[in-house]
1. Taking the DSSP beta bridges in the stretch 284-413 as the whole, what percent of them are antiparallel, to the nearest 5?
2. Please compute the alpha carbon radius of gyration of the stretch 128-221, then divide it by the globular-protein estimate 2.2 N^0.38 Å. Two decimals is fine.
3. Tell me, which longest segment in the chain has none of the GluC sites (Glu not before Pro) that fall in DSSP loops with at most 10 further Cβ atoms within 10 Å?
4. Taking the Cβ of Leu248 as the centre, find all other residues whose Cβ is under 14 Å away and add up their charges (Lys, Arg: +1; Asp, Glu: -1).
5. Note down the magnitude of the dipole of the stretch 368-450 about its Cα centre, charges +1 on Lys and Arg C-beta and -1 on Asp and Glu C-beta and zero elsewhere, to the nearest 20 debye.
6. On the protein heavy atoms, probe 1.4 angstrom, tell me the percent of accessible surface of the chain carried by carbon and sulfur.
7. Could you tell me which residue out of Phe299, Ala362, Tyr395 lies farthest along the dipole of the stretch 282-397 toward its positive end? Charges go on the beta carbon: Lys and Arg +1, Asp and Glu -1, centred on the Cα centre.
8. Which whole-number value in Å² is the accessible area per residue of the stretch 104-179, probe 1.4 Å?
Amino acid sequence: MKIIVVGCGKVGTAIVSSLVGEGHDVVVVDNSPQAITEIRDVYDIMCICGNGANFDTLVEAGADSADMFVSVTGSDELNMLSCIIARRMGIEHTVCRVRNPEYNDKSLNFFRQQIDLSLTINPEFLTAQEIFNILKLPAAVNIETFSRGAFELVELILKQDTQIVGMSLAQIKKQVAQSFLVCVVQRGDEVIIPDGKFVLEAGDRIGITAPKSEFQSLLKKMGIVQKHTRNVMILGASTTAFYLAKMLIAGGNGVKIIDKNRETCLKVADLLPQATVINSDGSYQEVLLEEGLSSTDAFLSLTGLDEQNIIISCYASSQNVPKVIAKVNRAELTVMAEKLGLDCVVSPKNTVSDVISRYARALQNSMGSNVETLYKLMDGKAEALEFNVQSDFKYQHILLKDLELRPNILIAGIIRKRKPIIPKGDDEILAGDKVIVIAAGQSLNDLSDIMR
């Protein structure tokens, strides 16, 4: 598809990288010559220096033949205006970044209807939702949901003392009398679709699928237990912190927010009276200790500085805080954070780029695709896709053990009439099913693509 992306900041650049990787024809628009030069130096795509809300600029970008328009500049209002113009120029699918908390659900619904937006994205809210989901299952480093929450894929990093380290998947199956599937493993830079003989090692990052309601008991049986999160300390009164604190308070958690900007603290304290807001510099260890770092259940570093988030999160880990999460946007620093022992790092730009890639893949329905959900796993080295099975799918009523799947492909789950099924060799795929597929090192557009 031809896709125009307006705005080449952190989020826009991540979106461009993801879409180019997906094979789309991408055109970039930004009013910063430096940003355009940096994009042009990395990608062999058309780049235009100009205002994304200018008619002539969009004509030059080829809006008359574009399939999708994405506006992710730092201004919500400019993004909306750009989408209005793009829509009037005939682009059917428009995606708008709207991040101001003042634009609540009612406002966004109004904008979608009046401006005819296809999708609005809020990086800070999406990141807060991602962290909130992880805190509900603290042993996880990433959680993806399918079929409106009926099915989950949870990523974990195995510690040296984890009960299942040194065991084969077949042995674990015998020991744990419960439906689950270890469907993907990252060991170093290698991503593996494991079989029953595969033996887990300390440091492996594993992806497990199971019905959502059974994960707590499953992890307990595997010896993967982490303290339930009740009290949360957040460094940085950012927009992400605001959204997250609101979710945590609604869920009954105690929340303490630390920020050195007095005006920001006063504003957050006014908006969130149930939270404890501390006006102090949380980059000092003494401040964190005085505020109860060593007794908190989870510490989240959500400032605007990646380096600060990494360093302070490492300190929190050294104080044996059960769950530590750092917000890091720069890819090279994410790798560094993981090498320093931070197993849970979130990236707003990656979260948004995944949403855009998922949406673009789903738009190809008209070309025969039936992708409903798409997630990047294992640092982007694998994908988890949810497909709707159409009535003309020619591999129906064939036992899974008899299907000839392509290498590095695994059927990880089936949802049939809202009931989650962990697939076995004697199961089969039927029309109306939702099928979850794990693919390592390749992209799929249609369920039939999994076959040899």
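The values are calculated or read from the model by the stated rules, or taken from the named source; none is laboratory data. Please read all numbers here as calculations on a predicted model, not as lab measurements. All Cβ positions, even for glycine, are placed from backbone atoms using ideal geometry, and neighbour counts span all protein chains on display. These area figures cover heavy atoms from the full protein model, side chains too; ligands, DNA and RNA do not enter into them. Shrake-Rupley method; radii C 1.70, N 1.55, O 1.52, S 1.80 Å.
1. Values: 6 of 12 bridges.
Restricted to the stretch 284-413, the bridges split so that about 50 percent are antiparallel.
2. Working: Rg = 12.9 Å, N = 94, 2.2 N^0.38 = 12.4 Å.
Normalised by 2.2 N^0.38 Å, the Cα Rg of the stretch 128-221 equals 1.04.
3. Working: sites that count: Glu102, Glu404.
It runs 103-403.
4. Values: positive: Lys136, Arg230, Lys246, Lys256, Lys323; negative: Glu130, Asp297.
Taking every Cβ under 14 Å from that of Leu248, the sum is +3.
5. On the way: 11 positive and 13 negative charges, 58 e Å.
For the stretch 368-450, the charge dipole is close to 280 debye.
6. Working: 9670 of 20160 Å².
After summing per-atom areas, the C and S share lands at 48 percent.
7. Positive-most Cα among the choices belongs to Tyr395.
8. For the stretch 104-179, the per-residue accessible area is 46 Å².
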